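One structure is given below, encoded as C-alpha cells.
The values are calculated or read from the model by the stated rules, or taken from the named source; none is laboratory data. Everything numeric here is computed off the predicted structure, so don't read it as measured data. Please note: Cβ atoms are built from the backbone with ideal geometry, for glycine as well, and neighbour counts cover all protein chains shown.
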Amino acid sequence: MSKTLQSLFVIPLGGLGEFGMNMMALRYGDDIIVIDAGMMFPESELLGVDLVIPDITYLKQHRQHVRAIVLTHGHEDHIGALPYILRDLNVPIYGTRFTLALVKKRITEAGLLDSTTLREVIPGRRIEIGPYEVEMIPVTHSTIDCVALAVRTPVGVIMHTGDFKIDHTPVGGAGFDIHTFARYGNEGVLALFSDSTNVERPGITPSERAVVPRIEELARSAPKRVILSCFASSIHRIQQVIDIASHVGRKVAFVGRSMVDNVEIAHDLEYLRIPDGMVVRSQDIRSFDPRKIIIMASGSQAEPMSSLSRIAVDNHRFVSVDEGDTVILSSRIIPGNEKAIFRMLDHMFRRRALVYYDNSAGVIHVSGHASQEEQKLVLQLVKPKYFIPVHGEYRHLFRHAALAHQLGVVSGEILLAENGHCIEFNEDGAFRRDPVAAGRVMVDSGSLEEIEEVVVRDRKHLSEDGVVVPIIAIDKHTGKLESQPEIVTRGFMSDNGSDLVTGARDIVLRTINTSNAEERADWSVIKEKIRIDLKRYINKQTSKRPLILPVILEV
Ligand SMILES: [Zn+2]
Ligand SMILES: [Zn+2]
C-alpha cells in the first residue's frame, strides 16, 4: 500500500469560522463520508438571498467516492443543505429517527424522497460504511435524538461531538452518554472535533428543566392568555410547556407551520406526550377562555412572515394579543435578529401585553450548547491525541483551543482549522495539506438554484432578469398611501411590458390594502410582503426572477 492510502484526510467544509452550515468530510483511500450538511441564514446585506449552504465542489469532484452523509441531529445548520446538495450528490443518509423524520419532510418538499436512501441508526449500534465503523453516541442538546459520532478508521478513532451540552437531568431520551465517551477515551482517540458555540461562557449550561419554575409561575399568575414562542425544534421545551399547562389548568394550542409540523412529527414518533383533550384547535382559539390556554407559536426570531410576527401586528387568523395577555419569548435572541425581535416585541408592548424575553427575573430559556466546564469534561473524557475545535467563529475556535491548552489533556497537537483546510492524519502525525475549494453558496429557495457569489447573482439577475423597484409613498401619520405605487424596472424584458407593470401595481396595492395599519407602519414587514408577492406574480407571468427592491418613502 502506498503511503497516501494509509492516511486519513479530514476536510471541514462549513461551520469553522462561522455559525451555521456545518459540514465535514472524512476521506480514507477512495472512501469519503460526510458529517452533517447544514445551511445558514444570510446576513441582511445579502439582498434577495434566501439561504446559504457550503460549497461542495470538493465532494462533487470526488462524487464517485462519497459513500454517505451521516447526521448528528436535525437542526437546520446540520441538515438544511440536504435538499440542495442531494441533487449533485445522491448518497445514503444516516441519522437517528427524529433527525431522519425532519430530513424526510425536507426532501419530500424538494421532490427528492423517492431518489434518496435514508438509513435509520440506533445509537449504540455500530454501522459499517466502507472502511469506517460509525457509532452514534447519545448527547443532550436543544432538540431531540442528538448524537455525537465515533468513527473508527484504519488510522484511528475520530470523535465528533455534534452540538451538545451535558444535561444530567434531561427531560426525556437517553441523556448524555458519558460512559461511551470515556470508553473511547480509554481506548484511545486520534482526533476530537468539538462544539465551540458557548466557549465564551464560564461554568455549566443549566439543565433544560431549569426553565420550569419561572414559566410555571408566569403561566399560573397570567391574568389572561399566555403566548409562548420557542424554536419549533425544541421538543423538550414544548413538552415542558405542555406539562406546565396541565399543572396550572390550561390547555395548549400550536400555531405556525414549523411548530405544528414538528409537534406532529414528534408526537407520531412518541417523543412528545400530549394528554388526551389537551390540544385546542387553532380555529377555536379565539372563542376559548383566555385564562385557560397557552398558545405555542413559532417565530421567536421575528421572521417576517412567522406566526409571532403576524400576531404582533394583529394579522393572524387565529390569535391576537390584547391588554393583559402574557407573551413569553422562550428562546435566544440570535445576534443579527435583535432589531427585528425588539420591533416585534414593541408591538406587543403597545398592545399592553405583559412581555418576558430574557432571564433577568427568572430563567425562561436555557442554551443547548456546552459551557466551558462541559467542554473541559469532554476533553478530559476523550483525551484525544489531536483536538480541533469546530462550530464557531474564529474567536470561538481560538478560545476553545486555549481551553484545551489549559487542561493539558491533548497529547499531540491542538489544531485551529478553517473551512477547506485539509488535515492529513497518518502514523507520523497530523499535517496540514493544500486547502480544497470551500466557501459559501447562495441559494434562492424558490428556484433551488445555486448562486455562486452574491455579486455574481445580482449581476446575473440584473443582466438576465433585470430589476424591479416598487416605490411606495406612505403618509407617516396615517399609514395611508400618498399616491399610486410606482413600478420602476430596468433591464426587465417582457413582451407584455405595460400590462405587467399595471398588474404589478395592482399586486402592490392589494398587498398594502390587505395589511393592517401596524404592518404598514413596520417597513420591514411591508417590504418583505411586497417582495414576496411581487416575486410570485412576476415569476408566474414571465418565469423571470428579477431582483425586487421595494422602496418605501415616508411623506
Ligand atoms: Zn443544534
Ligand atoms: Zn448547530
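Values as computed for the structure displayed
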quantity	calculated
I53 modelled with pLDDT of 95 or more, within 15 Å of ligand 2 (Cβ to nearest atom), within 17 Å of the chain's Cα centre (by Cα) and of a type in the set (A, V, I, L, M)	no
The stretch 67-105 - residue that is among the hydrophobic types (A, V, I, L, M, F, W, C) and part of a helix (DSSP H, G or I) and, of those, farthest from ligand 1 (Cβ to nearest atom)	I85
Whichever residue in the stretch 191-220 is in a helix (DSSP H, G or I) and crowded, with 24+ Cβ neighbours inside 10 Å and, among such residues, is nearest to ligand 1 (Cβ to nearest atom)	E208
Filter result for I235 (away from ligand 1 (no atom under 16 Å from the Cβ), of a type in the set (V, I, T) and touching a residue at least 40 places away in the same chain (Cβ under 8 Å))	no
Index of the failed condition, Q380 passing every other in (1) in a loop (DSSP other than H, G, I, E, B); (2) under 21 Å from G185 (Cα atoms)	(1)
Residue that is without any contact (Cβ under 8 Å) to a residue 40 or more places away in the chain and assigned to a strand (DSSP E or B), where the choices are R152, R183	R152
Count of the stretch 100-125 residues which are out of contact with any helix residue (DSSP H, G or I) (no Cβ under 6 Å at 6 or more places or on another chain), surrounded by 13 or more Cβ atoms within 10 Å (Cβ to Cβ), in contact (Cβ under 8 Å) with a residue 24 or more places away in the chain and among the charged types (D, E, K, R)	2
Meets criteria (of a type outside the set (S, T, N, Q), on the phi < 0 side of the Ramachandran plot and over 21 Å from the mean Cα position of the chain (by Cα)) for K165	no
